[in-house]
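Single-structure report; data block below.
The values are calculated or read from the model by the stated rules, or taken from the named source; none is laboratory data. Because the structure is predicted, anything quoted here is derived from the model rather than measured. Ideal geometry is used to build each Cβ from the backbone, glycine not excepted, and the neighbour counts take in all protein chains shown.
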Amino acid sequence: MEPPNGSNTEAIVRIQRFNPDTDAKAHVQEFHVPRVQGTTLLDALHWIKHERDGSLTFRRSCRHAICGSCAMNVNGRNILVCKTPLEDQLDRKGRVTIRPLPYLPIIKDLVVDRSTFWKEYVRVKPWLVPPQTTPAKEFRLSPEEVAAVHNAETCIMCGACYSACQVVALNKAYIGPHALLKSFLRVLDPRDTIPGERLADVGTDEGVFRCHTIFNCIDACPKSLNPTQAIETLRKLAQKRAAFEAARVERQRTIADPIPVPAQSGSEGER
Amino acid sequence: MYRSTGFVSFVLRRFTGVALVLYLIAHIWVIGSVNGGPELFNARLATVQTPAFKLAEIALLAAVVYHAFDGIRLMIVHYFDVTEYRKSLFYAAFVVSALLTIAGGLPILLFALQG
């Protein structure tokens, strides 16, 4: 039977439902939601929960695309529902389909079990390991060193990349793009003292060499980050680990020193 | 199932890779029979001269060409910072493979039709 269409005043929100206590397998349920300007997908889910079915279960928290709780699969793409307008996701028939993040066990409705996601995250030691003697005032990083890791710093750990990765789906031992991006952040941070250990941990066939360069992590990231490029960088560094480690030791000797200001050039410098 | 051009390229890469391994086994089966004498070799060679195998040769050409250009695409990604061109690179590899398959497949097809 042809599913019903939405209208100018109502959208049809199709949601994958699964209650482990009563359902043998997941099914899709449709809800008619008012089309109000400015409504996000999260607003639509809240409306359904408050007005139609209180048992609808989903994760959300900050509503500002910073907590990473509300990543879901919408029309086949992993996105944050809190920052995505409902109107942008409706097809010509006024419908949108929301499913839980793929390749992860479903706990209930749109909530997935992220245990493996966090397990792999902890595996790469995501914390900074600074030198034992810290500078009296501050670490001095050059603008280039900050720019190199800026991309990775803005990850919100939403899991969109992890659950979009087919390598994760096929091999649960794979560390995953989220954790490798974090490892990249720590490896390239001049303050970190264990880059060699980190590279040894991720430079394995469960780490950077397991990536099949499918690029889904880039396509899925709601913050437009580039885990694939981070993985490519780690691959190169893992192959010259000893030299990189030696360069880090050398760099940390001057990490409290002022950053040299580049000499002015051309006519500007002659003034 | 998370669909994307990257996923399509991954599936094609795996599929053509397995196909090439199977082809190599068949190839060794035929060529290796030369040790069994001319009669055995000719008999096995005759089994792969049928029209169906000619069509399979075109599929083999497509698999070889795509697998090669997909490999080149991946090497470009590995050695250069070009992830922002990921879709263009995939389409380029696919189109070049298709053109070469047509260019190489047509003579095979015409030869097969001539009997």
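The table below lists the values:
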| read-out | value |
| --- | --- |
| Residues within the range A:89-111 that are over 21 Å from the mean Cα position of the chain (by Cα) and over 25 Å from A:Gly176 (Cβ atoms), tallied | 8 |
| Residue count, the range A:122-171 (criterion: of a type in the set (S, T, N, Q) and buried (at least 18 other Cβ atoms within 10 Å of the Cβ)) | 3 |
| Residues of the range A:147-165 classified as touching a helix residue (DSSP H, G or I) at 6+ places or on another chain (Cβ under 9 Å) and either in a strand (DSSP E or B) or of a type in the set (Val, Ile, Thr) (or both), total | 1 |
| Matching helices (runs of 4 or more DSSP H) fully within the range A:21-138 where at least 2 residues are touching a Gly at 6+ places or on another chain (Cβ under 6 Å) | A:115-123 |
| Test for A:Glu197: is it touching a Phe, Trp or Tyr at 6+ places or on another chain (Cβ under 7 Å) and acidic (Asp, Glu) | no |
| Test: residue in the range B:34-45 that is surrounded by 12 or more Cβ atoms within 10 Å (Cβ to Cβ) and either in contact (Cβ under 8 Å) with a residue 24 or more places away in the chain or within 14 Å of chain A (Cβ to nearest Cβ) (or both) | no |
| Within the range A:81-99, tally of residues that are surrounded by fewer than 17 Cβ atoms within 10 Å (Cβ to Cβ) and in contact with a Ser or Thr (Cβ under 8 Å, 6 or more places away or on another chain) | 3 |
| Residue in the range A:138-155 that is modelled with pLDDT of 95 or more and out of contact with any Cys (no Cβ under 7 Å at 6 or more places or on another chain) present | yes |
| Residue that is of a type in the set (Gly, Ala, Ser), within 14 Å of another protein chain (Cβ to nearest Cβ), touching a residue at least 24 places away in the same chain (Cβ under 8 Å) and surrounded by 16 or more Cβ atoms within 10 Å (Cβ to Cβ), where the choices are B:Ala93, B:Ala62, B:Ala19 | B:Ala93 |
| Hits in the range A:197-214 - residues which are farther than 29 Å from A:Cys67 by Cα, in a helix (DSSP H, G or I) and of a type in the set (D, E, K, R) | A:Glu197 |
| Qualifying positions in the range A:196-214 - over 13 Å from B:Val77 (Cβ atoms), within 14 Å of another protein chain (Cβ to nearest Cβ) and in contact with a Leu (Cβ under 8 Å, 6 or more places away or on another chain) | A:Val208 |
| Scan of the range A:196-239 for residues that are crowded, with 19+ Cβ neighbours inside 10 Å and among the aliphatic types (A, V, I, L, M), ordered by number | A:Leu199, A:Val202, A:Val208, A:Ile214, A:Ile218, A:Ala220, A:Leu225, A:Ala230, A:Ile231, A:Leu234, A:Leu237, A:Ala238 |
| Leading residue by the ranking (farthest from B:Val65 (Cα to Cα)) among those in the range B:1-16 that are surrounded by 15 or more Cβ atoms within 10 Å (Cβ to Cβ) and not small (Gly, Ala, Ser) | B:Tyr2 |
| Those residues of the range A:215-262 which are under 22 Å from the mean Cα position of the chain (by Cα), in a loop (DSSP other than H, G, I, E, B) and either within 14 Å of another protein chain (Cβ to nearest Cβ) or aromatic (Phe, Trp, Tyr) (or both), in sequence order | A:Phe215, A:Cys221, A:Ser224, A:Leu225, A:Asn226 |
| Residue, nearest to the other protein chains (Cβ to nearest Cβ), within the range A:172-195, restricted to residues that are of a type in the set (D, E, K, R), buried (at least 20 other Cβ atoms within 10 Å of the Cβ) and assigned to a loop (DSSP other than H, G, I, E, B) | A:Asp189 |
| Residue count, the range A:57-78 (criterion: within 13 Å of A:Pro100 (Cβ to Cβ), within 15 Å of the chain's Cα centre (by Cα) and within 14 Å of another protein chain (Cβ to nearest Cβ)) | 4 |
